[in-house]
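**Q** Here you go, one structure.
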Amino acid sequence: MDLSDTGGSITLIAGIAVALGVVGVVIPVLPGLLLSWCGVALWAFLGDAPGAVKWVVLVLATLVAVLGALVKYLVPGKRLKDAGIPNAALFAGGVLGLVGFFVVPVIGLILGFVLGVYLVEHLRVGAAQAWPSTRKALGAAGMSMLIEFTAALGVAVVWVLGLLLS
């Protein structure tokens, strides 16, 4: 590939962004779904694909990303509400997860989240019910990550199909 070929360079950069976005869902350092969508938007606005194809791809990728982001919060949130886990436990998990991320890189996020939820639930419902509540919160967080991962993969598939059609 010739580096003076701006369309090819944009496509390469967009592909890297889309791939990093998919990986970023699993590795909590990167804003996964947003990064994948930004890669598609970059390709649509600056790439050299035909006009109609790139705009249809961008619209479809936007729909997939918005739907994924919406479902990512609604489904696990409903499960947590049904389980009776308060927002304070999730907030504590988020704060300790953020602290843990810097204390013990990468795995500290998970450890801090678990510890935060467990501590709040231990104070709220006692030691006997704290761990089952924490497991439900972990399951909801895992479901949220799975939904976002699926949406990021959907954005990537839409983009690849757009590449093949252009």
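The values are calculated or read from the model by the stated rules, or taken from the named source; none is laboratory data. Computed from a prediction, not measured in an experiment: that's the story for all the values here. In this analysis, Cβ positions are derived from the backbone assuming ideal geometry, glycine residues included, and neighbour counts consider all displayed protein chains.
**Q** (1) loosely packed, with under 15 Cβ neighbours inside 10 Å; (2) within 18 Å of the chain's Cα centre (by Cα): which one isn't true of VAL18, the others all being true?
**A** All conditions pass for VAL18, except number (1).
**Q** Here's something else I'd like to know. Does VAL29 satisfy the criteria of being surrounded by fewer than 16 Cβ atoms within 10 Å (Cβ to Cβ) and either free of Cβ contacts under 8 Å to residues at least 40 places away in the same chain or acidic (Asp, Glu) (or both)?
**A** no
**Q** Select, from PHE102, PHE149, PHE113, the only residue that is surrounded by fewer than 19 Cβ atoms within 10 Å (Cβ to Cβ) and in a helix (DSSP H, G or I).
**A** Selected residue: PHE102, the only one of PHE102, PHE149, PHE113 that is surrounded by fewer than 19 Cβ atoms within 10 Å (Cβ to Cβ) and in a helix (DSSP H, G or I).
**Q** Also: Can you find a residue in the range 74-83 that is among the aliphatic types (A, V, I, L, M), more than 30 Å from GLY8 (Cβ to Cβ) and surrounded by 16 or more Cβ atoms within 10 Å (Cβ to Cβ)?
**A** Yes: the range 74-83 contains one or more residues that are among the aliphatic types (A, V, I, L, M), more than 30 Å from GLY8 (Cβ to Cβ) and surrounded by 16 or more Cβ atoms within 10 Å (Cβ to Cβ).
**Q** With respect to PRO76, is the statement that it is within 23 Å of LEU33 (Cβ to Cβ), touching a residue at least 60 places away in the same chain (Cβ under 8 Å) and of a type outside the set (Val, Ile, Thr) true?
**A** So PRO76 passes the test.
**Q** Being at pLDDT below 90 and out of contact with any helix residue (DSSP H, G or I) (no Cβ under 9 Å at 6 or more places or on another chain): is that true of LEU98 here?
**A** In short, no.
Results for (1) closer than 26 Å to ILE107 by Cβ; (2) modelled with pLDDT under 90; (3) outside any loop (DSSP other than H, G, I, E, B), shown as yes or no for each residue.
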{"residue": "LEU3", "(1), (2), (3)": "no, yes, no"}
{"residue": "GLY8", "(1), (2), (3)": "no, yes, yes"}
{"residue": "ALA14", "(1), (2), (3)": "no, no, yes"}
{"residue": "VAL25", "(1), (2), (3)": "yes, yes, yes"}
{"residue": "LEU35", "(1), (2), (3)": "yes, no, yes"}
{"residue": "ALA49", "(1), (2), (3)": "no, yes, no"}
{"residue": "ALA52", "(1), (2), (3)": "no, yes, yes"}
{"residue": "VAL59", "(1), (2), (3)": "no, no, yes"}
{"residue": "LYS72", "(1), (2), (3)": "yes, yes, yes"}
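**Q** Can I ask one more? Here's a check for you: in the range 47-73, which residue that is of a type outside the set (A, V, I, L, M, F, W, C) and buried (at least 17 other Cβ atoms within 10 Å of the Cβ) is farthest from SER9 (Cα to Cα)?
**A** The residue in question is LYS72.
**Q** Let me ask you something else. With the checklist (1) loosely packed, with under 14 Cβ neighbours inside 10 Å; (2) over 12 Å from the mean Cα position of the chain (by Cα); (3) modelled with pLDDT under 95; (4) over 14 Å from SER144 (Cβ atoms) in hand, flag the one item ALA44 doesn't pass.
**A** (1)
**Q** Take ALA141 and decide whether it is crowded, with 19+ Cβ neighbours inside 10 Å, under 23 Å from ALA156 (Cβ atoms) and in contact (Cβ under 8 Å) with a residue 60 or more places away in the chain.
**A** Taking the combined requirement at face value, the residue satisfies it.
**Q** Residues of the range 38-47 being small (Gly, Ala, Ser) and either assigned to a helix (DSSP H, G or I) or in contact (Cβ under 8 Å) with a residue 60 or more places away in the chain (or both), which ones?
**A** GLY39, ALA41, ALA44
**Q** Answer yes or no as to whether GLY97 is touching a Pro at 6+ places or on another chain (Cβ under 9 Å), in a helix (DSSP H, G or I) and surrounded by fewer than 14 Cβ atoms within 10 Å (Cβ to Cβ).
**A** no
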